[in-house]
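Below: one structure, written as structure tokens.
The values are calculated or read from the model by the stated rules, or taken from the named source; none is laboratory data. Computed from a predicted model, the values in this text were never measured in an experiment. Because the Cβ atoms are built from the backbone with ideal geometry, glycine has one as well, and the counts that use them run over all protein chains shown.
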Amino acid sequence: MKNRIASVFLSATIAALAVSTVTPTAAQENPNAEKSCSVITVAGEWAFRNEGTMLDGTKFVGTGTYQLSKDGKSRAHLFANMGGTVLLDFSRTGTTTITPDCVLTQAWDDGGASAKCVVLANRTKIWCVYDQPGLISVELERISQPAK
């Protein structure tokens, strides 16, 4: 049960970011490139926080890190408290996609719930919700960009 809760919670937590459906070349040729998103513009190190209520009414809060590489592979590590009694600490890997209008989809290798996200115009914050029962939101803030 604890692994199921952890999987659901992390699915509901980390979200976000970017194997682009736009190639870097297309983004560079786009006159609105500063406003569009791609894996190149979103990749990097992110910190996140989340909170929500599970379907059974259990409240939770969490924080962690999220890394997105330029090839769209993602990793996340989560620390969370559920109901004031259960502390979760685990990692997972996945893949992200992004559209030029900065709509992101996060998929997890373990089959956990996917997330739909938006990247804000300055690409320093991301807001996400998860495709699962319960009310869960995640906010990410950029820590650093990948090395050139």
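Is it the case that some residue within segment 28-38 is at pLDDT 95 or above, of a type in the set (K, R) and farther than 17 Å from E139 by Cβ?
No, that holds for no residue.
Out of the residues in segment 130-143 meeting the condition of being among the β-branched types (V, I, T) and crowded, with 17+ Cβ neighbours inside 10 Å, tell me which one is farthest from V42 (Cα to Cα).
It comes out as I136.
So which residues in segment 41-98 are in a strand (DSSP E or B) and of a type in the set (G, A, S)?
Across segment 41-98, the qualifying residues are G44, A47, G52, G62, G64, S74, A76, A80, S91, G94.
Taking the condition touching a Phe, Trp or Tyr at 6+ places or on another chain (Cβ under 9 Å), over 22 Å from D71 (Cβ atoms) and in a loop (DSSP other than H, G, I, E, B), does A121 pass?
Judged against the criteria, A121 is not a match.
Considering only residues that are of a type in the set (A, V, I, L, M, F, W, C) and without any contact (Cβ under 8 Å) to a residue 60 or more places away in the chain, look in segment 104-128 and name the one that is surrounded by the fewest Cβ atoms within 10 Å (Cβ to Cβ).
L120
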